[in-house]
Amino acid sequence: MTDTDKKHPSGAPWRNFYGRFKGKTLRDSQMDYLDNDLGPLMPKNIDWEENPDRAPVSPADIFGDTREAWLEVGFGGGEHLVHQAAQNPDVGVIGCEPFINGVAMLLGKLRDRNLSNVSIYPGDARNMLDVLPEASISRAFLLYPDPWPKKRHHRRRFVTPEHLIPLARVLKPGAIFRVATDIPDYVRQTLVEVPKQGFDWLAEGPADWRTPWDDWISTRYEQKALREGRVPHYLTFRRR
């Protein structure tokens, strides 16, 4: 039996997950955010246990209206997601992040800002991509993903067909996909793999990928990269 043939008790296909679900002990305030704020922000019927038939869950189901929807895969501490939600109040922003400490950090920021256009899925983004309808997302972000620097681990990166094919399916024609990374080999793999799945790289010149987007806010991961002397790269793709 191969890994693709294996099933979890819920009926979900076997999917290896290589990241972390939890880090340092959560503070009392962070536990309060998780206990009291997360539930109302979580979309329903995303996990296999509650939706074994993988019935579609549209942005309208999540936000209760037909607003445009964006998706951030792995929002880290939530700085960028909160910034985009605040700058675009008419857009629904869906954030996926399995690392519960990052979820707690985002919830604290949301409580401070009182934003109402955010939905949080505290789990593997692949579960969300399973159920989002085709061509339902207008913009997607992949910002400073886990680099998995060892060559034998490159298949764990997000920019592989396992992730990019379902991402391409849920993005509308003409939708924008942004990738930020400070790892040169991640740039290489991104530029090789993303166009294969129906995307065009939008670059007008060699300075493009060194210039942050006009609406960019630097995240904690980018600040760490800059302190350690690594160069950020900003890649923009359009869904064909």
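The values are calculated or read from the model by the stated rules, or taken from the named source; none is laboratory data. Since we're looking at a predicted model, the values are computed, not measured. As a convention, Cβ positions derive from the backbone with ideal geometry for all residues, glycine included, and neighbour counts pool all protein chains shown. Heavy atoms of the whole protein, side chains included, go into the accessibility calculation; ligands, DNA and RNA do not. Shrake-Rupley method; radii C 1.70, N 1.55, O 1.52, S 1.80 Å.
Note that the stretch 196-236 presents 65 Å² accessible area per residue, ligands and nucleic acids not counted, probe 1.4 Å. The residue list Leu142, Trp209, Gly102 was ranked by how far each Cα lies along the charge dipole of the stretch 101-240 toward its positive end, using unit charges on Cβ atoms, and Gly102 comes out on top. Comparing Asp124, Asp65, Asp182 in a Gaussian network model of the chain (Cα springs below 10 Å), the most mobile by mean-square fluctuation is Asp65.
Quarter the surface of the alpha carbon convex hull of the stretch 106-226 and you get the mean projected area, 8.9 square nanometres.
With all protein chains kept in place, the per residue accessible area of the stretch 118-180 amounts to 36 square angstrom at a probe of 1.4 angstrom. Build a GNM of the chain with springs between Cα atoms under 10 Å apart, and of Leu164, Leu107, Leu115 the one that fluctuates most is Leu115.
In this structure, the residue pairs whose Cα-Cα separation is over 27 Å, taken from Lys150/Lys172; Lys44/Lys172; Lys150/Lys224; Lys150/Lys196, are Lys150/Lys172. The loop-placed GluC sites (Glu not before Pro) in the stretch 133-240, going by DSSP, that have at most 16 neighbouring Cβ atoms within 10 Å of their Cβ come out as Glu134, Glu204, Glu228.
Based on DSSP H segments of at least four residues, each scored -39500 (n - 2.57), the chain has a per-residue ellipticity at 222 nm of -8500 deg cm²/dmol. Each residue, Lys224 and Lys151, gets one label point 7 Å from its Cα in the Cβ direction; the gap between the two is 2.6 nm.
Mind running the shape call on the stretch 75-141? Use the C-alpha gyration tensor, a ≥ b ≥ c as the square roots of the eigenvalues: rounded below 1.5 for a/c, prolate if a/b tops b/c, oblate otherwise. Oblate shape, in that a/c is at least 1.5 and b/c is the bigger or equal ratio.
Just to be sure I understand the curve: with the Debye formula and one point per C-alpha of the stretch 167-240, what is log10 I(q)/I(0) at q = 0.18, 0.25 Å⁻¹? Debye intensities relative to I(0), on a log10 scale: -0.75, -1.22. Rounded, prolate or oblate, given the Cα gyration tensor of the stretch 111-166, with a/c below 1.5 counting as rounded? Since a/c reaches 1.5 but b/c is at least a/b, the shape of the stretch 111-166 is classed as oblate. When the Cα atoms of the stretch 38-84 are aligned to their principal axes, the ranges along those axes come out at 34, 24, 18 Å in descending order. A simple packing score, the average count of other Cβ atoms within 10 Å per residue, orders the peptides 146-154, 73-81 as 73-81, 146-154, with the highest score first. Put simply, the C-alpha atoms of the chain give a gyration tensor, and the ellipsoid matching it has half-axes of 25, 22, 20 Å, longest first. Given a Förster distance of 41 Å, report the FRET efficiency between Trp213 and Asp28 from their Cβ-Cβ distance, rounded to the nearest 0.05. Computed FRET efficiency for Trp213 and Asp28 comes out at 0.65. Surface composition of the chain: carbon and sulfur atoms hold 51% of the protein heavy-atom accessible area at a 1.4 Å probe.
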